[in-house]
């Protein structure tokens, strides 16, 4: 790329990604592509029972396989426990197994097939325990307890727990009990959503090696090198300084690579063998033992006055936690915080339980519980609109949060572009004329559906280091992992625009716990907003030092200096009095002032609950984030013969504060839509008791090109966040959140039959249509 | 278990590969014996399409092809598409059109795209959709991918 | 495990005599199963190097003879199907996706026989015949008899499919294949293969096979005979779908429930017939 002007590569341009060339030529290296000298390959022996005490191991047969270097079981691992909220999980099962496939032994061998063959030869002796496969079973009287030690586990917030309840949360604002009397109509219903697999096309994996001092270097597919470091060191009881966590290219993460997967296993194998060890899961294992989106059961009740004014909402959620806590308490708390939606509902009460079961752990997945509650709440708005004879858009427009309104719980919302999102989605979809458009194919019913939503970006600690090199080029180091969403490019653009250099003069360092400033992770739609703020702040420090140098050279005041496009600093109003960054940096390095490095760190600290307005118990997020808003309209066509739903057109208006890279923002909206559409229409992890029935891509179906609409219109709305970098806030999740709800609303409009359970498969739609035709 | 060394023609270069058993797939040989790691192992069942390579001019699954059964075939992997380091027009369109996110599916998609573009005529979006239905992408929603290929079909020399 | 690549049919049949030998055609199914450790044949007999198996031949009587190793893509693009024979290419076009259609073969797909696959109902509707070869010679089996039960065919140990004969279809008939699947290219929830002809308002020929709704494609010759020669009104179609319903034996699986399959299959049959009626009336 030639050096372009800042205006051509900086903030607001769809700058191509720096790593795209490597990716289209096959050069980009992912964890499975990495090889180290003398490397061993590992394989897992997974539990064949869902709930049992481990009575004994026999590894002799496995050890006897030629080429096997090491077999480790729970007995060979330290007693440390990890977990984002509740420290309830060892690196490998010890004493007890709690779900099918849970690693109980690991083998390292000279090649992968030998390791897998040997792993299959590990013999286990179990004492079976009663299995609790669902939250209902787990909450029943006398149910077997998944974690006997729950009360003693370390927890990072005051968790309300007991028995198989891992966490219980409630939030209340207003007076719901008496508010029902003020309602002219009340709708009530039960909603159910299944487990969804992340299905990053890259299965997870990790590679560890140790040096002569016993210090570990660990590469893995991850969303946070720092969370990897923390989890491995907690579970293996290593000092954190003894482990360096790095990342190759990551073949997407939608939450599944945020918390640990196989990293502790390869580290322990490397420590025991002294050799590099790599472990890549096969697809079945990736389905069975990483994590997935929580199944939700939701009871929701919403009341309104005749004129459409929303008055009260009550929502109750039961989440299947699976066998370990992982991010689940956060998902519960967050989903409840989203249960009012972006509306003025003065009386709102929600309550939820997270229940341990003997299934794989469920965890973070793009949307973090929000798509599930939105599926319920946005359908109820349509039900109310229908009962009152009010247009769906009119009802929403009447009730949406206005600028200055606070979020449920009382958190401040500094920017709110929701009204504009609604207006633009309505106009683009020609909503009023929707009823007059015929289906594109005969034998189908066509209708539009709408849903609105909001989602946060934020949470926790972040930093950035910006260094001006001797030649005037720049290295940006943030520790934020680009999982494919394009944050490296976006952060580079922010740095480049702040320093007024072309983007190709800024290189971005690969995340490295040794050298990068702390970054909690690529999750919670947070990198653009939180890391971006640090990037801008650190770049401004560098800009200040550049000006300081220039002021000393020019013998003028710093205030009289300006940065100029192309990486120069000059005196305001005097075009020919300027210096290049090369000249500045040379002086700093060799003569005066010292090398120019800017850094910034911060932690998100705005309270999410105002105790004067709301009562919250068991909520894990005292400080959560800033809000992005969105409105989605979809057109569906339903085959009258089969009940199959096809989405033909999509209008997705999303308030992202500022699109730093519009092409990437569209990519998030389009990709989020199709992933949400899969959740709505085709994807379901089917369980038979504790066993996942369809752990393969043959049997778990995500949309292909032919199932996905090309008519996706991304409408970018920019209600600037006052403290966001260039006004930006997050876009990674918000585009997915309203998808199941909007599709369900469209299906209901087309069939006169509401779908309260996902996925909306042909069977349920056809049954609904047939029931309707019988009734009429 | 091992057979004699097998001969494979990959990206126009002949390779002699030893230690290939009857059940060894072409994907395994490419990745583990020849360090051609462009083709990815996403599912190893022929569903995801990340391992797609061109065999005698047609895109196929390298995870479902036994290496020893490919000895007289002409194989092209993603590494063989950028001639002399210059990106092909479709590769260029993917870069400039923001059609690449995590990139794990990109090598397989590049192969399917090149197969589609061989007809040397402008493609409709529907043709591209049909031609790419065997390459799953979990990031992009496919829109920019289809657009990039249509554009490449219209603009290339 | 060994891989042999015979270059003649006789050599292939010889190579198959050994216990634990399996034919390797396109690999789309067998290698996937090997990768998942579901099967581990001792000997793989690759049929790639037998040119005769790759060919298609056209006989004077209008029969199209498809070699067992003919790829789905080639069959999908076959231009010499006449009349209702095109049900075969319609089905081929809907198998999986382009790379798999470039690899998979008619013989391989049929020998594995997943009842939710696309060829079986199409071949049954087209009255296709399989020519099977073994060391004892060859024999012909109708598609009806070839597909026996879930994943079970008439193939005996040591026997392979040499080719499949698509006989000439009823003059003036058309063929269509309709598939309902959760996503494009997936195995069917239900599928309908149909060959039909009309003379004025009267149905002069009808063959309907339903796929994915039982252990083998369901076809009711009595039901077809009953309505041939009459008008295709709702009651006639209902008689046929009732006759078919008696033959369905669907199961619950991750793709759909048995109940839904039973409910949707007759609707799809009716829809397919109505669609064919429309096409045929437009042709006139």
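Every read-out reported here was derived from the displayed coordinates using simple, explicitly stated rules and does not represent laboratory data. Because the structure is predicted, anything quoted here is derived from the model rather than measured. Because the Cβ atoms are built from the backbone with ideal geometry, glycine has one as well, and the counts that use them run over all protein chains shown.
For the range A:697-776, list log₁₀ I(q)/I(0) at each q in 0.17, 0.20, 0.21, 0.23 Å⁻¹, using the Debye formula over Cα point scatterers of equal strength and ignoring solvent, two decimals each.
-0.89, -1.04, -1.09, -1.18
Distance in nm between label sites at residue A:151 and residue A:344, each 7 Å beyond Cα in the beta-carbon direction?
Between residue A:151 and residue A:344, the simple spin-label model gives 4.7 nm.
Calculate how steeply helix C:234-245 sits against the longest principal axis of the alpha-carbon atoms of chain C, using the helix alpha-carbon long axis, and give the answer as 0 to 90 degrees to the nearest 10.
30
Express in % the proportion of alpha carbon pairs of the range C:174-283 at distances exceeding 16 Å.
55
Based on the Cα gyration tensor of the range C:1-106, what are the three equivalent ellipsoid semi-axes, each the root of five times an eigenvalue, rounded to whole Å and given largest first?
Those come to 28, 18, 9 Å.
I want the antiparallel fraction of DSSP beta bridges within the protein assembly as shown, as a percent rounded to 5.
Taking every DSSP beta bridge within the protein assembly as shown, about 80 percent pair in antiparallel fashion.
Can you give the calculated 222 nm mean residue ellipticity of chain A, where each DSSP H run of n ≥ 4 adds -39,500 (n - 2.57) and the sum is split over every residue, rounded to the nearest 500 deg cm²/dmol?
Helix-only estimate at 222 nm: -8000 deg cm²/dmol.
Could you work out which residue, out of C:211, C:229, C:104, moves most in a Gaussian network model of chain C, that is, has the largest mean-square fluctuation with Cα springs under 10 Å?
C:229
With springs connecting C-alpha atoms under 10 Å apart, model chain C as a Gaussian network and identify which of C:222, C:152, C:78 has the largest mean-square fluctuation.
It is C:222.
Given the Cα-Cα distance of residue A:592 and residue A:192 and 0.36 nm per residue of separation, how much length would full extension add, in nm?
Here the answer is 137.4 nm.
Taking every alpha carbon pair in the range B:6-79, what does the distance histogram look like in 10 angstrom bins from 0, in percent?
Final binned percentages: 23, 62, 16.
Does a label point 7 Å from the Cα of residue A:63, set along Cα-to-beta-carbon, have any residues of the range A:248-290 with amide nitrogen under 19 Å, and which are they?
A:268-275
If you wrap a convex hull around the alpha carbons of chain B, what volume per residue comes out, as a whole number of Å³?
Spelled out: Cα convex hull of chain B, divided by residues, is 103 Å³.
When DSSP beta bridges are limited to those with both residues in the range C:1-120, what percentage is antiparallel, rounded to the nearest 5?
35
Expressed as a rounded percentage, what relative contact order does chain B have, with Cα pairs under 8 Å and six or more residues apart?
23
Compute the length gained on full extension between residue A:53 and residue A:175: take 0.36 nm times their separation in residues and subtract their Cα-Cα distance, giving the result in nm to one decimal.
39.2 nm
Using the alpha carbon gyration tensor of the range B:89-155, what are the three equivalent-ellipsoid semi-axes (square root of 5 times each eigenvalue), largest first, in whole Å?
17, 12, 10
What fraction, in whole percent, of alpha-carbon pairs in the range C:231-284 exceed 17 Å separation?
45
Which shape class applies to the range A:404-485: rounded if a/c is under 1.5, otherwise prolate when a/b exceeds b/c and oblate if not, where a ≥ b ≥ c are the square roots of the Cα gyration tensor eigenvalues?
It is prolate, given that a/c is not under 1.5 and a/b is the larger ratio.
What average count of beta carbons from other chains do you get within 10 Å of the Cβ of residues in B:44-57?
That works out to 6 on average.
Stokes-Einstein diffusion coefficient for the range A:133-250 at 25 °C in a medium of 0.890 mPa s, Rh from the Kirkwood formula over Cα pairs: what value in µm²/s?
Taking Rh from Cα pairs, D becomes 125 µm²/s.
Angle, helix B:106-117 long axis vs. longest principal axis of chain B, Cα atoms, 0 to 90°, nearest 10?
For B:106-117 against chain B, the angle is about 70 degrees.
What is the mean number of Cβ atoms from other protein chains located within 10 Å of the Cβ atom of each residue in peptide A:419-427, rounded to a whole number?
What the average comes to for A:419-427 is 0.
Residue A:215 versus residue C:17, label points 7 Å from Cα toward the beta carbon: distance in nm?
6.8
Taking R0 as 30 Å, what's the FRET efficiency between residue A:723 and residue A:430 from their Cβ-Cβ distance, rounded to 0.05?
According to the calculation, E is roughly 0.25.
What is the ratio of the Cα radius of gyration of the range A:335-374 to 2.2 N^0.38 Å, with N the residue count, to two decimals?
1.41
How high is the relative contact order of the range B:6-79, in percent, counting Cα pairs under 8 Å that sit 6 or more residues apart?
Answer for the range B:6-79 is 41 percent.
When the Kirkwood radius is taken over all Cα pairs of chain C, what Stokes-Einstein diffusion coefficient follows at 4 °C and 1.567 mPa s, in µm²/s?
68
Hey, fewest Cβ within 10 Å first, where do C:156, A:398 land in order?
Ranked by crowding around the Cβ, least crowded first: C:156, A:398.
Would you please give the FRET efficiency between residue A:623 and residue A:402, computed as 1/(1 + (r/R0)^6) with r the Cβ-Cβ distance and R0 = 22 Å, to the nearest 0.05?
0.40
Only helical DSSP H runs with n ≥ 4 go in: add -39500 (n - 2.57) per run for chain C, normalise by residue count and round the 222 nm mean residue ellipticity to 500 deg cm²/dmol.
Computed mean residue ellipticity for chain C: -9500 deg cm²/dmol.
Among B:68, B:86, B:115, which one shows the highest mean-square fluctuation when chain B is modelled as a Gaussian network with alpha-carbon springs under 10 Å?
B:86
For residue C:82 and residue A:299, what does the FRET efficiency come to when R0 = 45 Å and r is the distance between their Cβ atoms, rounded to the nearest 0.05?
That pair, residue C:82 with residue A:299, gives E of 0.15.
Provide Rg and Dmax in Å for the protein assembly as shown, with only Cα atoms included in the calculation.
31.1, 105
Considering the zone a paramagnetic label at residue A:552 would reach in this model (a point 7 Å from Cα along the Cα-to-Cβ line), which residues of the range A:580-600 have amide N under 17 Å from it?
Flagged as within label range: A:580-598.
Going by the alpha-carbon gyration tensor, a ≥ b ≥ c the square roots of its eigenvalues, is the range A:1-149 rounded (a/c under 1.5) or, if a/c is not under 1.5, prolate (a/b greater than b/c) versus oblate?
Because a/c hits 1.5 or more and a/b fails to exceed b/c, the range A:1-149 counts as oblate.
Which of the three applies to the range A:520-661, rounded, prolate or oblate, going by the alpha-carbon gyration tensor with a ≥ b ≥ c and a/c under 1.5 meaning rounded?
Because a/c hits 1.5 or more and a/b exceeds b/c, the range A:520-661 counts as prolate.
In nm, to one decimal, how far is the residue B:74 label point from the residue A:306 one, both placed 7 Å along Cα→Cβ?
7.9
Order of B:118, A:305, C:262 from fewest to most other C-beta atoms within 10 Å?
Lowest to highest Cβ neighbour count: B:118, A:305, C:262.
Between residue A:565 and residue A:442, what length in nm is gained on full extension when 0.36 nm per residue of separation is reduced by their alpha carbon distance?
38.5 nm
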